[in-house]
Each structure stands twice: as C-alpha cells, then as structure tokens.
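The values are calculated or read from the model by the stated rules, or taken from the named source; none is laboratory data. Note that the coordinates shown come from a computational prediction; the quantities given were computed from them, not determined experimentally. Note that we place each Cβ from the backbone using ideal geometry, even for glycine, and neighbour counts take in every protein chain shown. For the accessible areas, the whole protein counts, side chains as well, though only heavy atoms, and no ligand, DNA or RNA atoms are used. Shrake-Rupley method; radii C 1.70, N 1.55, O 1.52, S 1.80 Å.
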Amino acid sequence: MKTAIIFGVNGQDGFYLQTLLEEDGFEVRGVSRNNPQCNIAQYDDVCALVQETSPSYIFHLAANSTTNHAALFENHATISTGTLNILEAVKNFSPFTKV
C-alpha cells in the first residue's frame, strides 16, 4: 500500500491534500501541532515516524500562521529545522521516499 505523511495536515492545503491522497488509495499519516504524535522540530520524533511508516511520500506543509515576533524561534523550528529533520530522516532511514 502507498503511504504518505503530511506535516501540517490540519491546514487548508493539508486537508485537501489528505482528501485527494485517500481518494487515490494512499494511507495517510497526518501530523499537526494539535496531535502531539510527532514534533517536526524534534529529529528523533521525525526519525521514528519515518522508520515506522517507510512512506512513499512526505509533504511538509507545516508552518505557523503568525508573523508575531514573539513566535520567531517557533516559526524557525517548524519551517527550517523541520525541513532539515525530514530530509535527514529520509536520507538515513527511507532513501526511496519522495519529499
């Protein structure tokens, strides 16, 4: 079975992407801030999820919806560190996954 991980599944784009993928027969694992199964800013969390699912695809749509300066470091962790964590986890544990 084809599997996909969507980081940021609770956003508008994530919702529609999940719907489309499920219609195409994908098993979708959705990750969001409201579902603490995996924190994209934590490398070990991302690695565990990638190892557990060996997904065909990973979609990184996670981002904070605020530009408030007080959220600067949280925004950086979600976008920049999250991207690095995904790429490293795929390289090390699931090299055939498309990001």
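Quick check on my filter: what residues within region 1-26 are open to solvent by 80 Å² or more (accessible area, probe 1.4 Å), out of contact with any Leu (no Cβ under 9 Å at 6 or more places or on another chain) and either among the hydroxyl-bearing types (Ser, Thr, Tyr) or touching a residue at least 24 places away in the same chain (Cβ under 8 Å) (or both)? Working first, answer last.
We begin by selecting, within region 1-26, every residue open to solvent by 80 Å² or more (accessible area, probe 1.4 Å); these are 1-2, 10, 12-13, 15-16, 20, 22-24.
Narrowing further to those that are out of contact with any Leu (no Cβ under 9 Å at 6 or more places or on another chain): 1, 10, 12, 15-16, 20, 22-24.
Met1, Asn10, Tyr16 - these are the residues of region 1-26 that are open to solvent by 80 Å² or more (accessible area, probe 1.4 Å), out of contact with any Leu (no Cβ under 9 Å at 6 or more places or on another chain) and either among the hydroxyl-bearing types (Ser, Thr, Tyr) or touching a residue at least 24 places away in the same chain (Cβ under 8 Å) (or both).
Yes/no per residue for (1) without any contact (Cβ under 8 Å) to a residue 40 or more places away in the chain; (2) buried (at least 16 other Cβ atoms within 10 Å of the Cβ); (3) in a loop (DSSP other than H, G, I, E, B):
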residue: Glu52; (1), (2), (3): yes, no, no
residue: Pro55; (1), (2), (3): no, yes, yes
residue: Ala63; (1), (2), (3): no, no, yes
residue: Ala70; (1), (2), (3): yes, no, no
residue: Glu74; (1), (2), (3): yes, no, no
residue: Thr83; (1), (2), (3): yes, no, no
residue: Leu87; (1), (2), (3): yes, no, no
residue: Lys91; (1), (2), (3): yes, no, no
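What are the pairs with Cβ atoms under 7 angstrom where one residue, in region 34-45, is farther than 16 Å from Glu88 by Cα and the other, located anywhere, is open to solvent by less than 70 Å² (accessible area, probe 1.4 Å)? Sequence gap at least six, or different chains.
These pairs meet every condition: Gln37/Val31.
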